[in-house]
Amino acid sequence: MKLIFAIINDDDVRGVSDALIQREIQATRFSSTGSFLRSGNTTLLICLDDEKVDDCIALIHSHCKRRKQLLPSSSLGGAFSTYPVEINVGGATVFVTDVERFEKF
């Protein structure tokens, strides 16, 4: 078995959650915050059989798209500049690890 940690931008998580439900893949969901932009994320914990991992990652990938956003440079820790800076937001960060033991009560 594998455990997938998927850290997903809050703007993208609804589509991922709906697709997981449709495919009857269970996930534990909790709120998280990125340290760089201090923006909202959702982290999903998904435990699957090894052969289902690639399909699950493809599902996450299909619903999480990177996009550009303008942000005031002062939001990024700049001194006094207010010129907007274009940054990439969205997408997902996914980790996959082995599960030695899994129990559900």
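Rule-based calculations on the coordinates, nothing more; no lab input. Because the structure is predicted, anything quoted here is derived from the model rather than measured. Every residue, glycine among them, receives a Cβ derived from its backbone with ideal geometry; neighbour counts consider all protein chains shown.
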Residue exposure sequence - Leu70, Leu20 - by fewest surrounding Cβ within 10 Å: Leu70, Leu20
Net charge (Lys, Arg +1; Asp, Glu -1) of residues whose beta-carbon lies under 15 Å from that of Thr93, Thr93 excluded, is -1
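Could the peptides 52-60, 96-104, 9-17 be put in order, highest first, of the mean number of other beta-carbon atoms found within 10 Å of their residues? Each step should come with its number before you reach the end.
Working: 52-60: 16.2, 96-104: 8.1, 9-17: 18.1.
The most tightly packed comes first, giving 9-17, 52-60, 96-104.
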